[in-house]
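K.L.:
Sharing a structure here in structure tokens format.
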Amino acid sequence: KKIVAALAALAVSAAVLIAPAQAQDKKYTIALIPGLTTDGFYITMRKGAQAAADALGVNLVFQGAPDFNPVTQVPVLDAVIAKKPDAILIAPTDKVQLVEPLRKANDAGIPVITVDTFIGSGVYQTGGGGADFPLSYIASDNVLGGEIAARALATSIGDKGKVYVSNVKPGISTTDQREEGFKKEMAKHPGITVLETQFNDDDANKAASQLQAVFARNPDLVGVFGANLFSALGAANGVKQAGQTGTVKVVAFDAPTSIVDNINTGLVDVAIAQHPAEIGYYGVVSAYAHLTGHSIPVTIGTGFTIMNKSNIADPNISKYLYSE
Ligand code: T6T
């Protein structure tokens, strides 16, 4: 009887001990604001974020603008701040223009983590003020990505001839860094001339017409680096429309599913896939770790997968193609 009574008492005290812990179990809401909603890169990032949210019992809100533009992203951010989520993950569409809008979130006590792109210099938590308030930056190494692209293009064109970068617009951390890495590497290839960058505002049609205009001015053009998904798809279409498939080589950043056909037909030589699902997953995990009292790394670097004709059929490679 004594033993039963003791066990019962133990059970009661255990229940008392457990109950407050359960009562504290808060369901966190984490908002993910992409660069834009209709981009396979961010759609894939959302999937990774959702996988982590499901595993951790977090409520994930995905809210973004239809285009990659601070003018449309800032009102979305303001609306998200007004709903007071527990944390914000955001791909800021401009290094400078998103600083003050994001400071509002930080001042309201909402932790900010940037995914894919950064604000300021991308070096956070230095104590230096300015744009260093986000807790963490989770992304690809975009300078390295640009260097990889340059080496691939140099190989494709036999290390000589004229090339250019098809890019989005200045002020975006990712695509600025890709161009920087590309030019840094190309400086080591004296036989290659890098022509003036063409900015397409993330419009594939514009990138296609620019390719044709550059080719008209430079009939000896041998290559182009498309510095993001729409730049690359557009530049590749431009090459096709100019009837230069295989003659003007294309190296693409990003890996939408349509890149498979472009690789198989020889329109695109190499695609550099980022790992957006990984960025989303670790974004949510980091926010959750912070919210539950753990310290988190100030940067998390995610990887690349290099795709070409010889490996694109391999499931270990094709699994990195982006979702639609
Ligand atoms: O390349 C990605 C992303 O990394 C960049 O910041 C913006 O463009 C993409 O979303 C592709 O369209």
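K.L.:
Being within 16 Å of the ligand (Cβ to nearest atom), part of a loop (DSSP other than H, G, I, E, B), of a type in the set (Ser, Thr, Tyr) and on the phi < 0 side of the Ramachandran plot narrows it down to one residue among THR72, THR126, THR117; which is it?
P.N.:
Values: THR72 fails: part of a loop (DSSP other than H, G, I, E, B); THR126 fails: within 16 Å of the ligand (Cβ to nearest atom).
Unique residue meeting the criteria: THR117.
K.L.:
Same structure again: Do we find a residue being modelled with pLDDT under 95 and either open to solvent by 60 Å² or more (accessible area, probe 1.4 Å) or in a helix (DSSP H, G or I) (or both) anywhere in the range 25-48?
P.N.:
Of all residues in the range 25-48, those modelled with pLDDT under 95 come to 25-26.
Keeping just the survivors that are either open to solvent by 60 Å² or more (accessible area, probe 1.4 Å) or in a helix (DSSP H, G or I) (or both) gives 25-26.
Within the range 25-48 (the criterion being modelled with pLDDT under 95 and either open to solvent by 60 Å² or more (accessible area, probe 1.4 Å) or in a helix (DSSP H, G or I) (or both)), the answer is yes, since at least one residue qualifies.
K.L.:
Among the residues of the range 299-322, how many are in a loop (DSSP other than H, G, I, E, B) and crowded, with 16+ Cβ neighbours inside 10 Å? Reasoning before the result, please.
P.N.:
Keep residues of the range 299-322 that are in a loop (DSSP other than H, G, I, E, B), which gives 303, 309-314, 319-322.
Going one step further and asking which of them are crowded, with 16+ Cβ neighbours inside 10 Å, we end up with 312, 320-322.
Count: 4.
K.L.:
Sticking with this one: Of all residues in the range 89-101, how many are open to solvent by less than 10 Å² (accessible area, probe 1.4 Å) and either without any contact (Cβ under 8 Å) to a residue 60 or more places away in the chain or under 12 Å from PRO70 (Cβ atoms) (or both)?
P.N.:
The first filter runs over the range 89-101 and keeps only residues open to solvent by less than 10 Å² (accessible area, probe 1.4 Å), leaving 89-93, 98.
Adding the requirement that they be either without any contact (Cβ under 8 Å) to a residue 60 or more places away in the chain or under 12 Å from PRO70 (Cβ atoms) (or both) leaves 90-93, 98.
Residues in the range 89-101 being open to solvent by less than 10 Å² (accessible area, probe 1.4 Å) and either without any contact (Cβ under 8 Å) to a residue 60 or more places away in the chain or under 12 Å from PRO70 (Cβ atoms) (or both): 5 in total.
K.L.:
To continue, here is another question. Would you be able to tell me the number of residues in the range 248-265 that are open to solvent by 10 Å² or more (accessible area, probe 1.4 Å), more than 14 Å from the ligand (Cβ to nearest atom) and closer than 14 Å to LEU229 by Cα? Don't jump to the end; show me each part of the working.
P.N.:
At the first step, the residues of the range 248-265 found to be open to solvent by 10 Å² or more (accessible area, probe 1.4 Å) are 249, 256-258, 260-262, 264-265.
Retained after the next criterion (residues that are more than 14 Å from the ligand (Cβ to nearest atom)): 249, 260-262, 264-265.
Narrowing further to those that are closer than 14 Å to LEU229 by Cα: 260, 262.
Residues in the range 248-265 being open to solvent by 10 Å² or more (accessible area, probe 1.4 Å), more than 14 Å from the ligand (Cβ to nearest atom) and closer than 14 Å to LEU229 by Cα: 2 in total.
Per-residue answers, yes or no, for (1) touching a strand residue (DSSP E or B) at 6+ places or on another chain (Cβ under 9 Å); (2) open to solvent by 70 Å² or more (accessible area, probe 1.4 Å); (3) at pLDDT below 95; (4) among the acidic types (Asp, Glu):
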position: GLU179; (1), (2), (3), (4): yes, no, no, yes
position: MET186; (1), (2), (3), (4): yes, no, no, no
position: PRO190; (1), (2), (3), (4): no, yes, no, no
position: GLU196; (1), (2), (3), (4): yes, yes, no, yes
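K.L.:
Shifting gears a bit: Here are some residues: GLN125, GLN50. Which one is of a type outside the set (Lys, Arg), within 20 Å of GLY280 (Cα to Cα) and touching a residue at least 12 places away in the same chain (Cβ under 8 Å)? Please lay out each step first, then the result.
P.N.:
Details: GLN125 fails: within 20 Å of GLY280 (Cα to Cα).
Only one candidate qualifies: GLN50.
K.L.:
Exactly one of these conditions fails for ALA82: (1) of a type in the set (A, V, I, L, M); (2) open to solvent by less than 50 Å² (accessible area, probe 1.4 Å); (3) over 24 Å from PHE230 (Cα atoms). Give me its number.
P.N.:
With (1) of a type in the set (A, V, I, L, M); (2) open to solvent by less than 50 Å² (accessible area, probe 1.4 Å); (3) over 24 Å from PHE230 (Cα atoms) applied to ALA82, the lone miss is (2).
The values are calculated or read from the model by the stated rules, or taken from the named source; none is laboratory data. Being a predicted model, the structure only gives us computed values, none of them experimental. Counting neighbours? That spans all protein chains shown, and the Cβs are built from the backbone with ideal geometry, glycine included. We work out accessible area using only protein heavy atoms, side chains counted, and drop any ligands, DNA or RNA first. Shrake-Rupley method; radii C 1.70, N 1.55, O 1.52, S 1.80 Å.
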